[in-house]
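These notes are about the structure you will find just below.
Nothing in this text is a laboratory measurement; each read-out follows from the coordinates by a stated rule. As the structure is a computational prediction, the values presented were derived from the model and not from experiment. Cβ sites come from the backbone with ideal geometry, for glycine too, and all protein chains shown count toward neighbours.
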Amino acid sequence: MIALAFHPHPMMYLNPDHAPEPLEAFAERADRMMRFGVDRVVELAPTPELLGKSPQAFVDELIDEYRPNAIVEGHDFHFGKRRAGTPVVLKELAGVRGVDVEIVRPVEVALTDQSIVTASSTITRWLLGNGRVRDAGFVLGRPHELVGDVVRGDQLGRTIGFRTANIDTPAMLPRDGVYAAIVTLPNGTRIGGAVNVGARPTVQGTQRRAEVHLIDQDGFPAELPADLPEYGWRMRVGLIGWVRDQVKFDSLDGLQGQLSRDVKRIAGMIEPLLSGETTGASV
């Protein structure tokens, strides 16, 4: 089974100012598809030449290159010049070449406010942009993940008792605020995380970032494996719930008190998910 996936998003060529943020790195996307049974993932660069092909030329080139027995596509797929190709057009053009086409029906998902939405990357981005990470997880079928390397920050957190790991990730950040997370370490260990997303107004920050305070299920600072370096290791942060908006405090003491309350609340959110697991055990 071969999966063809555009990267980057075609809007990066057609209208860069309106291109959507990536939900995850292409490598993560490809790895996820491989885990679900895809044998090979082909990265399609949405060049002007490719996007400018007629639907007929696009389908003929695809069939000539990959010789498929069948093509599976989504119900809202468009292709070819001016997005003239539709699922109906795809079935007609591929049928002439003796290739079956299966169009996947839309999937509806119930959100926490009892509304029903059609699962898509567009609604996922909207939910993340409004801080609704739990609902975004329902649409994705898994928590939205921030995956990236731990990098050096300004080391302010350790001075107030809340040491954080700064994560460099290409994944879309949710709305500024504090979130609960389940963090997966390189050895597979799962621990909790209090995640702050934003520019940190209390300390006059200007650049949006994601900082993770690692905790055990009781809310205490987590003990990391001794062989982990201070920086440069890969972290997987699965966002499971919103805690509060980001606000500016009058002092670091005020910030410290609020962080203590945040961690206590987050410990209660992650405990059921980590029940039966220990901080030092791989799962």
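Structure summary
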{"quantity": "Percent RCO, i.e. relative contact order, over the chain, from Cα pairs under 8 Å lying at least 6 residues apart", "calculated": "15 percent"}
{"quantity": "Test item: Cα-centred dipole of the chain, Lys/Arg +1 and Asp/Glu -1 on Cβ, debye", "calculated": "420 debye"}
{"quantity": "Kyte-Doolittle mean at least -1.0 and Cα axial length at least 24 Å: DSSP H helices in the chain", "calculated": "252-274"}
{"quantity": "Dipole of the chain [Lys/Arg +1, Asp/Glu -1 at C-beta], most positive-end residue of Val178, Leu23, Gly153", "calculated": "Val178"}
{"quantity": "Convex hull (Cα only) mean projected area of the range 58-216, reported in nm² to one decimal", "calculated": "13.8 nm²"}
{"quantity": "Inter-part distance where the range 44-103 and the range 178-199 are each reduced to a Cα centre, Å", "calculated": "40 Å"}
{"quantity": "Computed magnitude of the charge dipole of the range 2-104 (debye, nearest 20; Cβ of K, R +1, Cβ of D, E -1)", "calculated": "180 debye"}
{"quantity": "Computed over the chain, Cα set: Rg, Dmax in Å", "calculated": "22.0, 71"}
{"quantity": "Set of lysines near Lys248 by C-alpha distance (under 22 Å), chain-local residues within fewer than 8 positions excluded", "calculated": "Lys264"}
{"quantity": "Among beta bridges that DSSP assigns inside the chain, antiparallel share in %, nearest 5", "calculated": "80 percent"}
{"quantity": "Full-stretch length increase - Trp126, Thr112 - with 0.36 nm per residue and alpha-carbon distance subtracted", "calculated": "3.6 nm"}
{"quantity": "Per-residue [θ]222 nm for the chain (sum of -39500 (n - 2.57) over DSSP H runs n ≥ 4, rounded to 500)", "calculated": "-8500 deg cm²/dmol"}
{"quantity": "Sorted peptide list for 114-126, 173-185, criterion being average Cβ within 10 angstrom, highest first", "calculated": "173-185, 114-126"}
